[in-house]
Amino acid sequence: MLRLVTGPFHPTLETRLVQDLRALKSKDLLASLAIVVPSDQLRRSLKGLLVLQEKLSLLNVHILSFHQLALQLDRERRTAGGAGSVRQIDLVSDVFFEHLLRHIGQRRMPHTESLRLSQLPHGAWPALWASLRDLKDATVDSAVAVRAVEEGQFAPEDREKLKGLFTLYAAVREGSAALGVGSPDDLASLVTPFVATSPFIRSLNELWYYGSYDLTQTQLTLLESLAATLPATVYFPVDVQPAYGFARQFLERYLYPIAGTTEASPAASTERKRPDADNVPVSVEVRNAAGIDDELTLVCKQILTLVETHGYGFEEIGVVGRTLAPYQSAVTRIFDQHRIPFTSTAAVPLLREPAIKTLLHLARLKGNGLHRQAMLDVITSPWNRRLTSPLGGVTPRPDLWRSAVHTLGITRGEEEWRRLAHLGRLDSCAATGDDSSEDLLNGLAIDGPQLRLLWDCVSPLIAGVAGLPESGGYGVLTEAFCALAEDQLSIPLSASDSIETAVQSEATTDVSEALAGVFAQLRELDRLDVRITWQEWADTFEEILERTTYALTSVSQRGVQVLDAMAARGLGFRALFLVGMNEKIFPRFIHEDGFLRDSHRLVLSETLGYKIDQKLQGYGEEALLFELLQASARERLYLSYQRADAAGRPLAPSG
């Protein structure tokens, strides 16, 4: 049985959730309950609301994200079925699916000629996978879709292309099933049949979904199965304002049928109105700045005013942007300058770390022929084992090393680097009184001990790079590189226990943890059983590094909440700063899918009945996000935009 509670987050849903929890616990203090939320940020916020503000006990109350619920069910399913007796999948990243897609594309499958897979640029493969992922999340049946193409449901000029796309989609599904891999939505599909017999689900008195305004088809199917097993309640954010149209469409089309009700049903109406005492006007200010630094500086100064003059707590203040990508390099610096503690969902590119850049330089040495700059970056790196533990008590002078290498004209190649060994022998001659050798060494401005120390660093590096295999599988090449890196550098490369931990972690807050995830993804690619060159491996290594991030702050930190708009859904703030209110930033700029156009998605949705959204409907979600955010400010709302960037180029505010 599914019950619907609708209304705005604040105070209707929040208040109703607290009331329902109190009522449940008043009947039975040991009553077991699971609350499922869409984000980890909302999960932590809900715990704070229930425990710190409302002083409620969470005994036998489980607050889980969608993914955590699926993992719990999967653990029980595996235990109940026994090892090897039930189907299992390992969770992999989008990078794996993109490489699987390329591998399948090389087989020249029927009907795929119109996609011109052999001519696709490198950057088009992620876009192609995104289109196929939308089909997979909607659980589209490829045979049904192909039959719809043949029956003329789609435009005639798109038939061949769509036939190829659906054929490719079927091949990816078959390939991932054969390899035993999948995405979080695949995991949700896998555990759905197990819901009725799950010990965890059967131990619950009730199950509540809180804060979701949209679900994928697999998540919907799981919810339907849960509602058929035990009493379930969905606390759904919707109101009468037009901005809630995106959420209202989902509610009417998908949740009402599961609940067996209609729009006029009392169970689906807002059951608690906002009391007059809460209808305090929110103070709204619009500000502008020139550049990101100026914008964040204005925010920080106002935060200090609120804290020092008006008695606000740092934890009661939020700074939210549609995306934090433009602010990630400045937020720490500006907030630290003003001594403001903060916690954030901002993610920092892993390649920003000097140690990671050194690893990439090391991986590129074989392909670039021991290029001078890359070699110098590795041997003068503070993580070079021989630099940190020099022999003979000689203090390394990397500045002299660089000068000597440039003076000698070394550019690349083992032969050129071996000039250093020759000079080391000349140093021995100079010690015996050879004037010509002494003159040559004096021209290099480096003494004999430093020269020998330089060669002691270069020689094993050359030998290590030469020992790398020319080609092999992803696993073999990854292990070879890790062995070289551990021999040359003191950067920890300890592998994660599983791809699930490395790739699917909701809060990767440590550089070493993120790096372990990179190598876990490389090892997972070995399932494809393809032979690649070292250059191809290094390209993949760089690609994964470029797409890997780690959290700017730890989840245990406290202070001002600096969040992206998706993470801020459902949270409440005494004062809220909405930054980046510029054209094409908030609302974000949306364009149609190049492979699966909105007209194609409309046929899949309206004619074939699959839950797949049109891309341009995303503007409706943008309006909803803004409405949710501005409604989350209880007392003060500050909207800021950049009138110009740091270089003085004018920028347009959001319309």
**OP:** Past 31 Å, Cα to Cα, is the threshold; run Lys47/Lys136; Lys161/Lys611; Lys163/Lys615 against it and keep the listed order.
**Re:** Lys47/Lys136
Original post:
Taking only Cα atoms, what is the 0 to 90° angle, nearest 10, from helix 124-137's long axis to the longest principal axis of the chain?
Top reply: 30 degrees
Original post:
Per residue, how much accessible area does the chain have with a 1.4 Å probe, in Å²?
Top reply: 44 Å²
**OP:** Please list, in chain and number order, the residues 5+ apart from His62 or on another chain whose amide H is under 5 Å from its amide H, with Hs placed from the backbone.
**Re:** Leu33, Ala34, Ile35
Original post:
From the backbone phi of region 39-53, what are the Karplus-calculated ³J(HN,Hα) couplings (6.51 cos²θ - 1.76 cosθ + 1.60, θ = phi - 60°) in whole Hz, Gly and Pro given as x?
Top reply: 9, 5, 5, 5, 4, 5, 5, 5, 4, x, 4, 6, 8, 7, 8
**OP:** Taking the chain as the reference, fit the longest principal axis to its C-alpha atoms, fit the long axis of helix 398-407 to the helix C-alpha atoms, and give the angle between the two in degrees, 0 to 90, nearest 10.
**Re:** 60 degrees
**OP:** Provide Rg and Dmax in Å for region 273-414, with only Cα atoms included in the calculation.
**Re:** 25.1, 81
Subject >> Segments 322-332, 208-218, 50-60 sorted - mean Cβ within 10 Å per residue, highest first >> reply: 208-218, 322-332, 50-60
**OP:** Could you order peptides 619-627, 190-198 by the average number of other Cβ atoms within 10 Å of their residues, highest first?
**Re:** 619-627, 190-198
Original post:
For region 8-46 and region 85-132, what is the separation of their Cα centres, given in Å?
Top reply: 41 Å
Original post:
Looking at region 456-496, which GluC sites (Glu not before Pro) are in a loop (DSSP not H, G, I, E or B) and have at most 11 other Cβ atoms within 10 Å?
Top reply: Glu470
Subject >> Antiparallel DSSP beta bridges within the chain, as percent of all bridges there, nearest 5 >> reply: 15 percent
**OP:** Could you work out how far helix 511-524 tilts from the main Cα principal axis of the chain, as a 0 to 90 degree angle to the nearest 10?
**Re:** 90 degrees
**OP:** Step through the residues of region 465-477 one at a time and calculate ³J(HN,Hα) from phi using the Karplus curve (6.51 cos²θ - 1.76 cosθ + 1.60, θ = phi - 60°), rounding each to whole Hz and writing x for Gly and Pro.
**Re:** 5, 5, x, 5, x, 6, 7, x, x, 4, x, 5, 5
Subject >> Ordering of 351-357, 560-566, 534-540 by burial proxy (mean other Cβ atoms within 10 Å per residue, highest first) >> reply: 560-566, 534-540, 351-357
Subject >> Under the Karplus curve 6.51 cos²θ - 1.76 cosθ + 1.60, θ = phi - 60°, whole-Hz ³J(HN,Hα) for region 357-363, x wherever Gly or Pro sits >> reply: 4, 4, 4, 5, 4, 4, 5
Original post:
Which cross-chain or sequence-distant (5 or more) residues have an amide H under 5 Å from the amide H of Thr233, H modelled 1.01 Å from N in plane?
Top reply: Arg3, Leu207, Trp208, Tyr209
Original post:
Given a 1.4 Å probe and every protein chain left where it sits, what share in percent of the accessible area of the chain is carbon and sulfur?
Top reply: 51 percent
**OP:** Classify region 1-79 as rounded, prolate or oblate from the Cα gyration tensor: take a ≥ b ≥ c as the square roots of its eigenvalues, call it rounded if a/c is under 1.5, otherwise prolate when a/b beats b/c and oblate if not.
**Re:** prolate
**OP:** Using amide H atoms built 1.01 Å from N in the peptide plane, name the residues 5+ places from Tyr638, or on other chains, whose amide H lies under 5 Å from its own.
**Re:** Glu285, Leu576, Phe577, Leu578
Original post:
Under the classification rounded if a/c is under 1.5, otherwise prolate if a/b is larger than b/c and oblate if not, where does region 529-655 fall, given a ≥ b ≥ c as square roots of the Cα gyration tensor eigenvalues?
Top reply: oblate
**OP:** Quick one: grab the alpha carbon gyration tensor of the chain, order the square roots of its eigenvalues as a ≥ b ≥ c, and give me rounded if a/c is under 1.5, else prolate or oblate depending on whether a/b is larger than b/c.
**Re:** prolate
Original post:
What GluC sites (Glu not before Pro) in region 150-232 are in a loop by DSSP, with at most 16 other Cβ atoms within 10 Å of the Cβ?
Top reply: Glu151
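The values are calculated or read from the model by the stated rules, or taken from the named source; none is laboratory data. Fair warning: this is a prediction, and the values are worked out from it, not measured in the lab. With ideal geometry, Cβ positions are generated from the backbone for all residues, glycine too; neighbour counts draw on all protein chains shown. Accessible surface is based on the protein model in full, side chains and every heavy atom, while ligands, DNA and RNA are left aside. Shrake-Rupley method; radii C 1.70, N 1.55, O 1.52, S 1.80 Å.
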